Amino acid sequence: TQSGAEVAYKIISQDALSNVAAVSRAEREIKQLMRVRSPKVATIIDCGKGPDERLYVAMELCEGHSLEHLLRGGAVTLDKAKAIVGQIGQALLEAQKVGVVHRDVAPKNVLIATSGDVKVINFAVAKPISDKVAGVAAYLSPEQAQGRPVDQRSNTYSLAAILYHLLTGEPPFQGSSPEAVLDLHVSSPPLAPSQRRPEANLSPEVDRVILK
């Protein structure tokens, strides 16, 4: 325990860490995140390896439902979407200050408390889609879809995909398989949010910002 705080423990799945390099990177990034003191990022208290060499992480016990849960109810208002995405953006910037880029910016990794406060979790590990690609296909940047290196620009793309989903009730691309969705991220421009959901009366400025 730390000052009596409630702590959540997580054992990182071996499926998410396919080789020694991936384990080393995840452990390094988790330790870097321990320096982050932001209310928008779940506080990392400790990390290490157990007797079986599996990586574990201890973090603050966060309250709230995932953004994924919220999205099951459909689109939200522009003001609510901006409030959520703005807080996610703050979390990503705080992590960037210690040299960490989130590799899986997706609704399942965003927790929303009843107060509306947001916490971003699961920075260092993303579930593999293939040997080269990991994350949630609906929100991955084109460079991630191609298995290329990522930086904060990839997070910006994923954040826009989340904003698109919040405002339209659907992610920018959908397909019969994760691989099909990845191909669309690389090869197809998304339909403007105002065209996807005309009844929302989204402005040309909203379209411009999200599509950029």
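The values are calculated or read from the model by the stated rules, or taken from the named source; none is laboratory data. No experiment lies behind these values; they were computed from the predicted model shown. Neighbour counts run over all protein chains shown; Cβ positions are idealised from the backbone, glycine included. Each accessible area value is taken on the protein alone, full model and side chains, heavy atoms only, with ligands, DNA and RNA left out. Shrake-Rupley method; radii C 1.70, N 1.55, O 1.52, S 1.80 Å.
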| Pairs where the first residue, in segment 75-89, is farther than 17 Å from residue 111 by Cβ and the second is of a type outside the set (Phe, Trp, Tyr) and open to solvent by 50 Å² or more (accessible area, probe 1.4 Å), C-beta under 8 Å, 6+ apart | 75/197
| note | Counted residues in segment 126-151 being open to solvent by 30 Å² or more (accessible area, probe 1.4 Å) and not hydroxyl-bearing (Ser, Thr, Tyr) come to 15
| note | Within segment 146-189, the residues that are of a type in the set (Phe, Trp, Tyr) and farther than 17 Å from residue 209 by Cα are 173
| query | Taking the condition hydroxyl-bearing (Ser, Thr, Tyr) and more than 18 Å from residue 66 (Cα to Cα), does residue 115 pass? | reply | no
| Within the group 124, 113, which residue is under 13 Å from the mean Cα position of the chain (by Cα) and not β-branched (Val, Ile, Thr)? | 124
| remark: Among (1) open to solvent by less than 30 Å² (accessible area, probe 1.4 Å); (2) more than 25 Å from residue 112 (Cα to Cα), residue 188 falls short only on (1)
| query | For residue 162, all conditions in the list (1) open to solvent by 30 Å² or more (accessible area, probe 1.4 Å); (2) at pLDDT 95 or above hold save one; what is the number of the exception? | reply | (1)
| said: Looking only at helices (runs of 4 or more DSSP H) that lie completely in segment 18-104, which have at least 2 residues being surrounded by 14 or more Cβ atoms within 10 Å (Cβ to Cβ) and more than 16 Å from the chain's Cα centre (by Cα)? | reply: 20-33, 78-97
| Identify, please: which residue in segment 105-119 is in contact with a Lys or Arg (Cβ under 9 Å, 6 or more places away or on another chain) and of a type in the set (Val, Ile, Thr) and is, among those, surrounded by the fewest Cβ atoms within 10 Å (Cβ to Cβ)? | 112
| query | Given segment 132-212, what helices (runs of 4 or more DSSP H) lie entirely inside it while holding 1 or more residues that are touching a residue at least 24 places away in the same chain (Cβ under 8 Å), in contact with a helix residue (DSSP H, G or I) (Cβ under 6 Å, 6 or more places away or on another chain) and within 22 Å of residue 72 (Cα to Cα)? | reply | 152-168, 178-187, 193-196, 204-211
